[in-house]
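Structure, as structure tokens:
The values are calculated or read from the model by the stated rules, or taken from the named source; none is laboratory data. For clarity, every value in this text was computed on a predicted model and none was experimentally measured. Methodologically, a virtual Cβ is constructed for each residue, glycine included, from the backbone with ideal geometry; neighbour enumeration extends over all protein chains shown. These accessible areas exclude ligands, DNA and RNA; they are computed on the full protein's heavy atoms, side chains included. Shrake-Rupley method; radii C 1.70, N 1.55, O 1.52, S 1.80 Å.
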Amino acid sequence: AVEGTELLQKLYNLLEAKGFQTRLEGVALLLDLCKTSPQLISTNIVQIFDYFVLRIADSHKRVKQRALDVLAEITGILEDALSPVIIPLVEGITKNLNSKDPGVHAA
């Protein structure tokens, strides 16, 4: 339990960091945790996605694009666990539909 708490705190810190490269690390860590510890992510989904949804609307296009790509990948892993966060996710995704950046729009 302590290891899970430490991992989650590290994830939160990375996802809310000032530097875009650090935020990218947070997005990568979320993907890794979804693959290796889906139960930890599922149990804490609302708190995690409070931070992650911000990355879907990130001001830096590389972070935004990577977050959208990761979201597509983790949707298949988490499936039903996403139910409590589906509305903020849809709102975040919708904001990117009109993106002028072709990479973001495609993601």
(message) Just to be sure I understand: with springs between alpha-carbon atoms less than 10 Å apart, which residue in Ile56, Ile86, Ile41 has the highest mean-square fluctuation in the Gaussian network model of the chain?
(response) Ile86
(request) Among Thr94, Gly76, Thr36, flag the residue with its Cα farthest along the positive direction of the charge dipole of segment 1-106, charges on Cβ as +1 for Lys/Arg and -1 for Asp/Glu. (result) Thr94
(request) Rounded to the nearest 500, what is the 222 nm mean residue ellipticity of the chain from helices alone, with -39500 (n - 2.57) per DSSP H run of 4+ residues and division by all residues? (result) -23500 deg cm²/dmol
(message) With angles folded into 0 to 90 degrees, how steeply does helix 86-95 sit against the dominant principal axis of the chain? Use alpha carbons for both and round to 10.
(response) 30
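Counting only protein heavy atoms and using a 1.4 Å probe, what share of the accessible area of the chain belongs to carbon plus sulfur, as a whole percent?
54
Give, rounded to the nearest 20 debye, the magnitude of the charge dipole that the chain has about its Cα centre when Lys and Arg contribute +1 at Cβ and Asp and Glu contribute -1 at Cβ.
Details: 11 positive and 13 negative charges, 103 e Å.
It comes to approximately 500 debye.
Just the accessible area per residue of the chain, please: how many Å² with a 1.4 Å probe?
Heavy-atom SASA per residue in the chain reads 57 Å².
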